[in-house]
């Protein structure tokens, strides 16, 4: 902090000089009159009269001259004081604040640089443990250092207000099990599907799991801002381990945006168990609405390593109001014929025309899904693009993960609920076989659902004890859903076996 004090002294001197000049003009007029009188006598009388007029004019001129002299004296006093560093930081001779617990170039003491054989400064010592990515972040008060932290949350004031699902707040609760709550938080470590009733307010579930902060390490939750007003980002970086497993590391960030409220982004650097026991998503309240990326899904998050410094997975959730939130619906082909490799194909309807195919591929690839290609359907008339796309995956596991978890692509959420609710296999009503409709029936031979012969069921005369399914030969109608062939086809559609 620099304080400048300016003192100004002004001295004003006025000098007045008065000069008086007097001019006197004298005018003299002399008039002489001579009168001569002559009489008849010899005597002559002469009279001379002289009149003298003197006029004196005096003119006085006064000139006044004023001279002003101003003297200004300015004294500048500069005082420099240093603002205190954040908690956990110390000031270097250059004036920078550094955290001796995690600063690779000031590890344990100012100026001590770890050698290239180490990956981080952990608790003030050079280490092979993962490094904290956020520069200049501060830790949640009381978390890390000499104290173990388990199943806790702390409410903090924020540098700027954040918004989820239209709810805006200037404070938030940071939960040690991988969540940030805008209201109504919980310390629960038992993750599950969303929405979760234990969290009554808007909550960002970056990696909801039984996480743990071990004393004597640099593990904690760091938070701080990046960028400048009005485009700042508020970053919460979780550097944790797992309860009972100190060698399982989790490093991820939950980011809120000053310029784009209702949007939250997750960046993942390391997840030793690859998401096998966590929930990732966001919800408005304990009853919803919510968006889920994964629940206890192995491989949903890349494992990364202690040296990973670039995000291996980025997820963005747009939690605008229900009227504004755009959702695309995922469907799966229910007929194996004539679609090739149907077990690896998914269709998505209502996809924004402004989202190009390559953005969908990029988002799914970042999510760890193996995509072969994305194709948008066009209308035959005029070759006009539609809102339906076809996604072909490299393997069935990627396809099924996509169906179950959905995916956020830019401002749209690809929702798989429709696909999961519509998983009945297609059956031809003529031959009663699976995987095609009547249009593609090769035999065109009517089969009876009761006895399997070549007639309609209303024409069947077979006794009840003679009932036989023409698919599995079981003693039931060919139209029931507990037919072993029906169940097999149902499993095949979603590849659940």
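The values are calculated or read from the model by the stated rules, or taken from the named source; none is laboratory data. Bear in mind that the values here come from a model prediction, so they are computed numbers and not experimental data. Here the Cβ positions follow ideal geometry from the backbone for every residue, glycine too, while neighbour counts run over all protein chains shown.
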Go through the range 422-475 and give me each residue that's free of Cβ contacts under 8 Å to residues at least 12 places away in the same chain, in a loop (DSSP other than H, G, I, E, B), under 30 Å from residue 331 (Cβ atoms) and out of contact with any helix residue (DSSP H, G or I) (no Cβ under 9 Å at 6 or more places or on another chain).
442
Could you pull out the residue among 126, 121, 107, 114 that is under 15 Å from residue 144 (Cα atoms) and buried (at least 18 other Cβ atoms within 10 Å of the Cβ)?
121
Here are some residues: 199, 205, 236. Which one is within 30 Å of residue 85 (Cα to Cα) and under 24 Å from the mean Cα position of the chain (by Cα)?
236
Being within 59 Å of the chain's Cα centre (by Cα) and loosely packed, with under 15 Cβ neighbours inside 10 Å narrows it down to one residue among 426, 437; which is it?
437
Among (1) outside any loop (DSSP other than H, G, I, E, B); (2) modelled with pLDDT of 90 or more, where does residue 292 come up short?
(2)
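For (1) at pLDDT below 85; (2) in a strand (DSSP E or B); (3) surrounded by 16 or more Cβ atoms within 10 Å (Cβ to Cβ), each residue gets a yes or a no:
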{"position": "281", "(1), (2), (3)": "no, yes, yes"}
{"position": "297", "(1), (2), (3)": "no, no, yes"}
{"position": "314", "(1), (2), (3)": "no, yes, yes"}
{"position": "323", "(1), (2), (3)": "yes, no, no"}
The range 93-140, residues that are assigned by TED's automatic domain parsing to the domain that holds residue 214 and farther than 18 Å from residue 216 by Cβ
133, 134, 135, 136, 137, 138
Of all residues in the range 353-408, which are in contact with a helix residue (DSSP H, G or I) (Cβ under 9 Å, 6 or more places away or on another chain) and part of a helix (DSSP H, G or I)?
364, 396, 398, 399, 400, 402, 403, 404
